[in-house]
1. Tell me, which residue of the stretch 502-526 that is of a type in the set (A, V, I, L, M) and over 18 Å from PRO438 (Cα atoms) is surrounded by the most Cβ atoms within 10 Å (Cβ to Cβ)?
2. Within the stretch 404-413, restricting attention to residues that are touching a helix residue (DSSP H, G or I) at 6+ places or on another chain (Cβ under 6 Å) and under 27 Å from ALA545 (Cα atoms), which residue is surrounded by the most Cβ atoms within 10 Å (Cβ to Cβ)?
3. Is it the case that ALA47 is out of contact with any strand residue (DSSP E or B) (no Cβ under 9 Å at 6 or more places or on another chain), buried (at least 19 other Cβ atoms within 10 Å of the Cβ), aliphatic (A, V, I, L, M) and within 21 Å of ALA132 (Cα to Cα)?
4. With respect to VAL293, determine if the residue is crowded, with 18+ Cβ neighbours inside 10 Å, touching a helix residue (DSSP H, G or I) at 6+ places or on another chain (Cβ under 6 Å) and at negative phi.
5. Write out, first by first residue and then by second, each pair whose Cβ atoms fall under 6 Å of each other, whose residues are 6+ apart or on separate chains, and whose first residue, in the stretch 314-343, is more than 24 Å from PHE354 (Cα to Cα) while the second is modelled with pLDDT under 90.
6. Is there a residue in the stretch 338-350 that is out of contact with any Leu (no Cβ under 7 Å at 6 or more places or on another chain) and under 26 Å from TRP509 (Cα atoms)?
7. Considering only residues that are under 16 Å from ALA560 (Cα atoms), in contact with a Pro (Cβ under 9 Å, 6 or more places away or on another chain), among the β-branched types (Val, Ile, Thr) and assigned to a loop (DSSP other than H, G, I, E, B), which ones fall in the stretch 241-295?
Amino acid sequence: MEGIPAIIHCCWFGGRKTRLAKRCLESWRRFAPDFAVREWDEKSVRAEFAGEDAAFFETALAAKAWAAASDWARMAALWRFGGVYFDFDLELVSPLRGLPKAGWIASEWMRDGSARCNPGGGIALPPRSPVARGMLDFYAGKRYSRDLDMMWIISRELAPLLAANPSVATLSPDVFSPIAFDGSCRRSSSTVGIHRYAMSGAGPARRFARWLSWHGMGGIVEALLGSRGRKKASDPFDTVHVCAGIDVFNGAAAVAASIAREQAAQGRKVAFLSVAPPRGVPEVGLSGVERIVFRRTSIPVLRRLCFSAGMLFGLRRICRNAGTVHVHCDWTFPVWAASFFARKRLVFSPHGSFDPVRLRHSRVKKFLAGFIERACLRKAAAVHATTHREEEWIRAFEPRTGKIAVEPPGTDIPPQSMPRIRRAGEPLRVLYLGRRHPLKGVGMLEKAVEGLDVELRTEDSLSGREKEEAFEWCDVFCLPTKSENFGLAVAEALAHSRPAITTRGAPAWEELPARGCGWFTDVSAEALRAALEEAASLLPGRLAAMGAAGREWMEKDFSARDRARAISKALEPGVPA
């Protein structure tokens, strides 16, 4: 950011930092390593700004109104030194790139769906900025009082200052404050940080009101505050996708995200709802799609079902007004709730959830929840199956299911890389990428390689460059599955120009031998061993040629964008199964 010094200012008054404050501080150091972090406390503020009229600051400290004291201190620091200011409840989730170079200020969502500026969520100014000077002049001669609504006052006073200084841009709420008033986190590809709203300057009543709103009970807050007449939030979505997970290791989420991106590229208003992934786990990209995240409960039993109190109430409002609600995967609370609240049109993508072998796992849960699943299938206007085998599973589980569209998913085609040529005497490098689940047959593969000149690498979860390097390392990819709906990992390997070995447990890939890009074996260690021995005996360039044939197949028939377009079209009203 040209003109903005590489300094992050922050204020902490009144004692020891909270766990949230420490976490946010660590995120600044992680995502903005080139920025110096300057922490301000009572002593340093008084020493540095002794010449300023600090009556407001001192009276706020005396009242233990730490947030109000920070309002004054932040403007003093930005006026004197320039740089970036964050409250200690602002957590960065990506680097500080792509932001306006001349200065910016964050904004936040209001209850009625509008936005207002919020410098506590982030502000960047050059030294001696007239915006900072104007706010200091406003505070001059004033004393803090608990009767003041500081956020409203700050927004009112900043408006003319920002209008007079158009070089300071007001950012969209999704950049630094994607958490809406109902508690949903509307992240997007533009999100740089998440304002966590510690509300250190609010009293118990306002904190409780915010807690109610964040858990979907905004109606109670409105009734208590007498604000029933306020304007409702923005226009309904054309399509809302609902999936329990959104992490990059989730194959169903990757397929769902590709469909959502394609629909957004066609000009539709699309949202993607899920519970928040575990901290530090990267998410699937959703450019052009509004991202809405809900916090998962901490109660162990309900957590396994991906239950979220905020989603329970938030989904009702969103799904009732959406043109189409498209749910992905199954046996989780988000799918059940979205299916129940959908009023106009429901589309269902089970992603192999009704595989008879999978139904034998967690039998008690699936027996108790079976009637809910059957009701969702009957309600759906269209159901998406990735293979004809999955169509049979769905019909067997609920014969009264209506339209089923069979369309395979696709995969992203990476840039072409140099093929790996195995040298004479080197062991055959074999890669397995996926969960260590009993259905995946990893133990069967480990037994098959015993005694062979094979170097086996098994990886549970990789993404980004790590996944690319794993495919570059291997000679052959192996999916030794006992039962698979589609086997998206095979498509990924072929797209990376690596031949694949899989079993009859993944019948979608029975064309591997005919296409000259892999092996399709029985579900046994002996059959896998025979395929591995044959792969190891091939001439060095033969495996590279098989990989090239696989990539050509993926480019022709399985590119993510083309398959997403085909799936979306097949699920539209009026298109026959």
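1. Looking only at the stretch 502-526, we keep the residues that are of a type in the set (A, V, I, L, M), and these are 506, 508, 512, 514, 523, 525.
Subsequent filtering for residues that are over 18 Å from PRO438 (Cα atoms) retains 508, 512, 514.
On the way: ALA508: 21, LEU512: 24, ALA514: 8.
Per the stated criteria, the residue is LEU512.
2. Residues of the stretch 404-413 touching a helix residue (DSSP H, G or I) at 6+ places or on another chain (Cβ under 6 Å): 404-407, 409-413.
Next cut, under 27 Å from ALA545 (Cα atoms) only: 409-413.
Numbers: PRO409: 27, GLY410: 24, THR411: 23, ASP412: 14, ILE413: 18.
So the residue we want is PRO409.
3. Numbers: out of contact with any strand residue (DSSP E or B) (no Cβ under 9 Å at 6 or more places or on another chain): yes; buried (at least 19 other Cβ atoms within 10 Å of the Cβ): no; aliphatic (A, V, I, L, M): yes; within 21 Å of ALA132 (Cα to Cα): yes.
Answer is no for this residue.
4. On the way: crowded, with 18+ Cβ neighbours inside 10 Å: yes; touching a helix residue (DSSP H, G or I) at 6+ places or on another chain (Cβ under 6 Å): no; at negative phi: yes.
In short, no.
5. As it stands, the answer is GLY314/ASP182; GLY314/SER184; GLY314/GLY216; ASN321/PRO236; ALA322/PRO236; ARG343/ARG320, since those pairs meet every condition given.
6. So in the stretch 338-350, the residues out of contact with any Leu (no Cβ under 7 Å at 6 or more places or on another chain) come out as 340, 342-346, 349-350.
The next check asks that each one be under 26 Å from TRP509 (Cα atoms); those that pass are 349-350.
Within the stretch 338-350, one or more residues are out of contact with any Leu (no Cβ under 7 Å at 6 or more places or on another chain) and under 26 Å from TRP509 (Cα atoms).
7. Within the stretch 241-295, VAL248 is the sole residue that qualifies.
Yes or no, residue by residue, for (1) charged (D, E, K, R); (2) in the same structural domain as ALA50 (by TED's automatic domain parsing); (3) over 23 Å from ALA36 (Cα atoms):
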| residue | (1), (2), (3) |
| --- | --- |
| PHE81 | no, yes, no |
| VAL84 | no, yes, no |
| ARG97 | yes, yes, no |
| PRO100 | no, yes, no |
| ARG116 | yes, yes, yes |
| SER129 | no, yes, no |
| LEU136 | no, yes, yes |
| ARG146 | yes, yes, yes |
| VAL168 | no, yes, no |
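The values are calculated or read from the model by the stated rules, or taken from the named source; none is laboratory data. Since the model is a prediction, treat every value here as computed from it, not as a measurement. FYI the Cβ positions are ideal-geometry reconstructions off the backbone, even for glycines, and counts take in every protein chain you see.
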